[in-house]
Amino acid sequence: MTEAVEGHHFVARTLIGPTIETWGTGDQRARFLPGIEAAKQIWCQLFSEPGAGSDLASLATRAVRRDADHWTVTGQKVWSSFANLADYGMLLARTDPDKPKHAGITCFLLDMRARGVTVRPLRQLTGEEHFCEVFLDEVQVPDTDRLGPIDAGWRVALSTLSAERSGLSGTSDASGVSLAPVLAAARVNGTWQEPIMRDRLAGLLAMERALELTNQRAAKSRTDAGGSITKLAQSELSQRIAEIGFEIAGAHGAYCVADPLCPEAYALLDSRRLTIAGGTSEIQRTIIAERVLGLDREPDPDRGRPWRAVRRG
Ligand SMILES: Cc1cc2nc3c(=O)[nH]c(=O)nc-3n(C[C@H](O)[C@H](O)[C@H](O)COP(=O)(O)OP(=O)(O)OC[C@H]3O[C@@H](n4cnc5c(N)ncnc54)[C@H](O)[C@@H]3O)c2cc1C
């Protein structure tokens, strides 16, 4: 079994473990939870596809029941973090194309070393390769590795997505960006003395404090949409901190932009992912509008239509 490191813990412990805890059979909980808890298993989340990101429920990877005990899975996933290292993947696949898109999906726990699984890492802006394309070619999955009831995969996925949003919003640890080193650098190089820069930094400090308090309140209220508010605020604040940190670094930051070890340049490039991963800022705003502010639902012309009849890009 592969030794896990910190980034992988997030997927396994924050997203997958709680979902298996909620939806898993006794056998699945016994097989997987101790390994997740002990960081002995690396997991990836096989949700997004080339044609299904924000509109995840339109996913096209197919799982067909071969016999009472097995499914055959064929399709493609993308942006699967740590799939190149993972022992297992939590997979969403379409099991009934004649039902509306949210209704015909089932969740599976996939052995990433099964025959027919091909993983191809993708290079990011920072030069790292944290996420991958995953190709599934007639992969055989035992029915004992189905998580939750058949065609109830959307409900299972909602548990994972809600845990992901809360996990991504908790603290600056989730984004890897915090204001303290930026303030320290501003003091050292004198930019702190400039009134406009001071005003901008003070604004970010106030936002950081407000987010801390909002996180505490969200943790107590445990509403699904609470995670959307804090995920949105955390990711956008982190990007603003990374941008101002790069600006304060000045010529030094610009000079080292191609150096992966330069913290200011790395933070700037890496922070772009934060407003996309775990649901984009636009999608978080829609969730907040509908579920917190009670505004009308976003129109969906495909609601209620069989997935098979829906036109996909
Ligand atoms: C660092 C990182 C790690 C990731 N890890 C994983 C992973 O492990 N597993 C996994 O399954 N996925 C993963 N993803 C994928 C991520 O969930 C998707 O990128 C995200 O949901 C957006 O989907 P998309 O990229 O297809 O963009 P699209 O959905 O095509 O969106 C493109 C743009 O259109 C906007 N848009 C789309 N629909 C609407 C709408 N209805 N209203 C307003 N605006 C809209 C979006 O906000 C975005 O700006 C990861 C992504 C990143 C960046």
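Coordinate-derived values only; no laboratory data. From a predicted model like this one, the values you see are computed outputs, not experimental measurements. Using ideal geometry, Cβ is built from the backbone for each residue, glycine included, and neighbour counts are taken over all protein chains shown.
For a quick protection proxy, order the peptides 154-162, 207-215 by their average other-Cβ count within 10 Å, most packed first. Don't jump to the answer; show the numbers that get you there.
On the way: 154-162: 20.2, 207-215: 15.0.
My ranking of the peptides, most packed first, is 154-162, 207-215.
Take each of the peptides 138-149, 76-87, average the number of other beta-carbon atoms within 10 Å over its residues, and list them starting from the highest.
So the peptides 138-149, 76-87, ranked by packing, come out 76-87, 138-149.
Assign unit charges at the C-beta atoms only (+1 for Lys and Arg, -1 for Asp and Glu), then state the dipole size of the chain relative to its Cα centre in Debye, rounded to the nearest 20. Don't jump to the answer; show the numbers that get you there.
Working: 37 positive and 40 negative charges, 135 e Å.
Once rounded to the nearest 20, the dipole reads 640 debye.
Residue separation times 0.36 nm, minus the C-alpha to C-alpha distance between Asp302 and Arg120: what's the value?
Details: separation 182, 0.36 × 182 = 65.52 nm, distance 3.25 nm.
Value of the extension gain: 62.3 nm.
Just the number: Rg to Rh for the chain, Cα atoms, Kirkwood Rh, two decimals.
Values: Rg = 21.1 Å, Rh = 21.0 Å.
Rounded to two decimals, Rg/Rh equals 1.01.
Taking Rh as the Kirkwood radius computed over C-alpha pairs, what is the Stokes-Einstein D of region 1-104 at 10 °C in a medium of viscosity 1.306 mPa s, expressed in µm² per second? Please report the intermediate quantities before stating the final value.
Working: Rh = 14.8 Å.
The Stokes-Einstein estimate is 107 µm²/s.
Looking only at region 284-313, which residues have a backbone nitrogen under 12 Å from a spot 7 Å from the Cα of Arg65 in the C-beta direction?
Of the residues in region 284-313, none has backbone N under 12 Å from the label point off Arg65.
Show me, for region 295-312, the HN-Hα J-couplings you get by feeding each phi into the Karplus relation (A = 6.51, B = -1.76, C = 1.60, θ = phi - 60°), rounded to Hz, glycine and proline as x.
Working through the residues one at a time gives 6, 4, 5, 4, x, 10, x, 8, 4, x, 7, x, 3, 4, 8, 8, 7, 10 Hz.
If neighbour count is taken as other Cβ atoms inside 10 Å, put Arg297, Arg13 in order from fewest to most. Could the numbers behind the result be given before it?
Details: Arg297 10, Arg13 17.
Going from sparsest to densest Cβ surroundings: Arg297, Arg13.
Mind checking the full-extension length gain between Glu194 and Asp137? Use 0.36 nm per residue of separation minus the Cα-Cα distance, one decimal, nm. Don't jump to the answer; show the numbers that get you there.
Working: separation 57, 0.36 × 57 = 20.52 nm, distance 5.92 nm.
Result for the pair: 14.6 nm of gain on full extension.
Under 5 Å between amide H atoms, partner at least 5 residues away or on a different chain: which partners does Arg66 have, H built in plane at 1.01 Å?
Distant-sequence amide H within range of Arg66: Trp71, Thr72.
Using a 10 Å cut-off on Cβ atoms, rank the peptides 52-63, 284-295 from the highest mean neighbour count down. Don't skip to the answer; put the middle values down first.
On the way: 52-63: 18.9, 284-295: 14.7.
The most tightly packed comes first, giving 52-63, 284-295.
Taking other Cβ within 10 Å of each residue's Cβ, how do Val64, Val188 sort, fewest first?
Details: Val64 13, Val188 10.
Ascending number of Cβ neighbours within 10 Å: Val188, Val64.
With axes computed from alpha carbons, what is the tilt in degrees of helix 195-221 against the longest principal axis of the chain, rounded to the nearest 10 within 0 to 90?
40
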